[in-house]
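Worksheet: one structure, shown below.
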Amino acid sequence: MSDVLRALQAARDEDRVRGVELEGVRTLPGSAVRAAAVVLGLLVPVAAGFATMRGSVAALADGLAVLLVVLLLVRPRTGWGAWLMVLAAVRLLVGGAVPAWQLACLLLVVHLAVLAALLAARVGPGTRVEVAVPVAALRRAWRLQVGAQAAGLVVWLVGPERPLPGAEVWRVLALVGVVVLLLVVLPAARRVDRDRW
Amino acid sequence: MADRWHVTTAGTGTVLAGAVVLALGAFAGRGDVALLGALPLVAGAWDLLRRPAGEVRPAVGPPERSDDEGALRAELRLEAPAGTVAVAVGAYRAGLPALDALLALPDEAGSGSVERRVPLVVRTVRTGPQEVATVEAQGLGPGLVSASEPAGPVRRDTLVLPSAAPLRQLPLPARLRGLTGTHASRRPGEGGDLRDVHQFHAGDRLRRIDWRVTARRSPGLDELYVRGEHALAEAAVMLVVDSRDEVGPDPRTWAGSRPTRADDPTSLDVARRAAASVARAFIAGGDRVGLDDLGVVRRPLSPGGGRGQLDRITHALALTKPEGWSRHRVRSPRLPSGALVVVFSTFLDDEPAEAAAAWRRVGHRVVAVDVLPRLRTAHLSGRAATAARLVLVDREDRLADLRDLDVEVVTWRDDPALALAVLARSDRRRPGAGVPR
């Protein structure tokens, strides 16, 4: 037997070794959480109607979407998965308003994709994720989702592309709100997000 | 007041992306686009405003040994500030794969703290002082957008006592001691089998008179006959553990340049288990058992009986370990006269064999227990295999010399209960247990 085969056999033996184990805790593998985040990330461009886009813009959007999904798969900690939402927004801006059911689907898929991406950012492929963690996240998120769906219905009834009365004021308010939020968030963020160990 | 937890990179990215989309929607005058960005932005901002402050405290409770398979059960306690939704836990033992888990915490509002207790299981083939687990933890805030500073490492050690394997019959020493015990001796006394029937004379007890024999032999009651019995006796057993070397099944680790795998029992683990098994079996039979260590020069544990002595021996065995360079003994340790000597060693060098031979020469019955684990040699390269073969040939010669000197050799890795029972039965072929050869 060659040394390579012996080394492989030794490595296989070592893989069978079990270390510290949890008892009585229902868990999911971290790879399943990451796979779910990727699937939901892929659903965002689908729900936004990327399939209806044509031309070089469509190719560019598809390429960027694939790139972000790959980043979500291999480097979920970087948070690039959330930028799929920006692509979906660009699609809405470029392609025009979508039907009400599609807007409802998009709001749901984006919300789920963001939650999954945030969870995937904290787990590795070998992490055991307690089932209660995603369940609790979904339980906390449903109220916000209901509110978003209601707001979506109002927007659709008003007309998504129809300017609101006092549009300039709304723009300034939105800008101020965004700046204030960023001032709150960015100082609390770490340049290096320390891992557990 | 403790600092609030920092925002994670993914959380920052989500809030930034939401802000960009909201700004795009606002400037384009598109309510649907603005709504798309407002959803994660509002959720993220709300979670950030509620992010906890304080530290996460992991702790591992004292372990309990739950079975003979080597499973140790301990409780992992996680204490975190209120508002913590999950804790990322890393738990590991030296040389074994780490446990990486994300555990939920109870959803409790308020300014106090929340606690979660999770059972941990560690399976070990090792005995003696060892690490149960080292734990590190990091708390995650609402929405998983904030995280605490990593806490730990917190380490928990324990002393794993060797478990005893059931044994059947055991060999007895050349000479039994005392007038009590569970073994029949050759001396006259009480409690044993029938020795003879003789005429009553001074010193015989009245209750020993055998009236049937008396009536048959002396109908006129001119003479009285009494039944004589053998006395009972106990065995003195000295367990001698060779703690100078601790080798695993892989000969590549013997030089010390690479560690023994954590799931491999070493020769000292086998020796501890073997000695504990023999001690328990002898003490259960009412015998007196002592313990000595070839590797250190200190007072041996004198032979004694009872549950307390078994506990002392088991504890001393668990603490037995190689201690630096062993000093060469000029003389073998002195043992109680007539004791059965059981030597637990790998016999990879001459010292235990010389000691066993010396004890045999002065009249002790000596059983050498070979505690070398079953070796894994299939993966050895040519030179390593040759070196291992040479060492093993040398060892076999040493064991053969011991057999020539009338030292009985038992290999623990095969079927020790059967081998010891064979030795015990070989006693019975001689006239009575405990008769010197």
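The values are calculated or read from the model by the stated rules, or taken from the named source; none is laboratory data. Quick caveat: nothing in here was measured; it's all calculated off a predicted structure. Note that we place each Cβ from the backbone using ideal geometry, even for glycine, and neighbour counts take in every protein chain shown.
The residue of the stretch A:53-83 that is surrounded by the most Cβ atoms within 10 Å (Cβ to Cβ), among those that are touching a helix residue (DSSP H, G or I) at 6+ places or on another chain (Cβ under 7 Å) and outside any helix (DSSP H, G or I), is A:Gly79. Taking the stated definitions as given, is B:Pro129 surrounded by fewer than 20 Cβ atoms within 10 Å (Cβ to Cβ), closer than 28 Å to B:Thr266 by Cα, of a type outside the set (S, T, N, Q) and not assigned by TED's automatic domain parsing to the domain that holds B:Glu79? Spelling it out, it is not the case that B:Pro129 is surrounded by fewer than 20 Cβ atoms within 10 Å (Cβ to Cβ), closer than 28 Å to B:Thr266 by Cα, of a type outside the set (S, T, N, Q) and not assigned by TED's automatic domain parsing to the domain that holds B:Glu79. The set of residues in the stretch B:141-185 being assigned to a strand (DSSP E or B), among the polar types (S, T, N, Q) and over 26 Å from B:Arg288 (Cβ atoms) consists of B:Ser146, B:Thr158. Scanning the stretch B:1-14 turns up at least one residue that is more than 7 Å from every other protein chain (Cβ to nearest Cβ), crowded, with 24+ Cβ neighbours inside 10 Å, outside any helix (DSSP H, G or I) and touching an Asp or Glu at 6+ places or on another chain (Cβ under 9 Å).
Listed here are the residues, each with its yes/no results for (1) free of Cβ contacts under 8 Å to residues at least 60 places away in the same chain; (2) surrounded by 13 or more Cβ atoms within 10 Å (Cβ to Cβ); (3) over 19 Å from the mean Cα position of the chain (by Cα); (4) not in a helix (DSSP H, G or I).
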residue	(1), (2), (3), (4)
A:Met85	yes, yes, no, no
A:Leu93	yes, yes, yes, no
A:Val109	no, yes, no, no
A:Ala113	no, yes, no, no
A:Arg140	yes, yes, no, no
A:Ala151	yes, yes, yes, no
A:Val155	yes, yes, yes, no
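In the stretch B:101-120, the qualifying residues are those that are facing chain A (nearest Cβ under 7 Å) and at pLDDT 85 or above, and the one that is nearest to the chain's Cα centre (by Cα) is B:Leu120. Scanning the stretch B:243-263 for residues that are more than 17 Å from B:Trp412 (Cα to Cα) and either in contact with a His (Cβ under 8 Å, 6 or more places away or on another chain) or of a type outside the set (Val, Ile, Thr) (or both) yields a count of 13.
Can you tell me which residues in the stretch A:115-138 are assigned to a loop (DSSP other than H, G, I, E, B) and small (Gly, Ala, Ser)? Scanning the stretch A:115-138 gives A:Ala121, A:Gly124, A:Gly126. Considering only residues that are free of Cβ contacts under 8 Å to residues at least 40 places away in the same chain and more than 9 Å from every other protein chain (Cβ to nearest Cβ), which ones fall in the stretch A:115-138? The answer is A:Leu138, and nothing else.
Among the conditions (1) in contact with a Phe, Trp or Tyr (Cβ under 8 Å, 6 or more places away or on another chain); (2) touching a residue at least 60 places away in the same chain (Cβ under 8 Å), the only one that A:Leu72 does not satisfy is (2). With respect to B:Leu399, determine if the residue is in a helix (DSSP H, G or I), at pLDDT 80 or above and either hydrophobic (A, V, I, L, M, F, W, C) or crowded, with 19+ Cβ neighbours inside 10 Å (or both). For B:Leu399, the condition - in a helix (DSSP H, G or I), at pLDDT 80 or above and either hydrophobic (A, V, I, L, M, F, W, C) or crowded, with 19+ Cβ neighbours inside 10 Å (or both) - is met. Of all residues in the stretch A:47-62, those that are small (Gly, Ala, Ser) and more than 22 Å from A:Leu112 (Cβ to Cβ) total 4.
Restricting to the stretch B:202-211, and then to whatever is surrounded by 10 or more Cβ atoms within 10 Å (Cβ to Cβ) and not in a strand (DSSP E or B), can you tell me which residue is farthest from the chain's Cα centre (by Cα)? Among those residues, the one meeting the criterion is B:Trp211. Against the conditions (1) small (Gly, Ala, Ser); (2) in contact with a Lys or Arg (Cβ under 7 Å, 6 or more places away or on another chain); (3) farther than 19 Å from B:Glu408 by Cα, B:Gly308 satisfies every one except (2).
All conditions in (1) buried (at least 17 other Cβ atoms within 10 Å of the Cβ); (2) more than 30 Å from B:Asp406 (Cα to Cα) hold for B:Arg117, with the sole exception of (1). Taking residues in the stretch B:202-229 that are more than 24 Å from B:Arg187 (Cα to Cα) and free of Cβ contacts under 8 Å to residues at least 40 places away in the same chain, and partners anywhere that are of a type in the set (D, E, K, R) and in a helix (DSSP H, G or I), the pairs with Cβ atoms closer than 8 Å and at least 6 places apart or on different chains are B:Glu223/B:Arg217. What single numbered condition from (1) more than 7 Å from chain A (Cβ to nearest Cβ); (2) under 46 Å from the mean Cα position of the chain (by Cα); (3) closer than 24 Å to A:Arg77 by Cα fails to hold for B:Arg77? With (1) more than 7 Å from chain A (Cβ to nearest Cβ); (2) under 46 Å from the mean Cα position of the chain (by Cα); (3) closer than 24 Å to A:Arg77 by Cα applied to B:Arg77, the lone miss is (3). B:Glu55 fulfils the conditions (1) among the charged types (D, E, K, R); (2) more than 7 Å from chain A (Cβ to nearest Cβ); (3) in contact with a Leu (Cβ under 7 Å, 6 or more places away or on another chain) except for a single criterion, (3).
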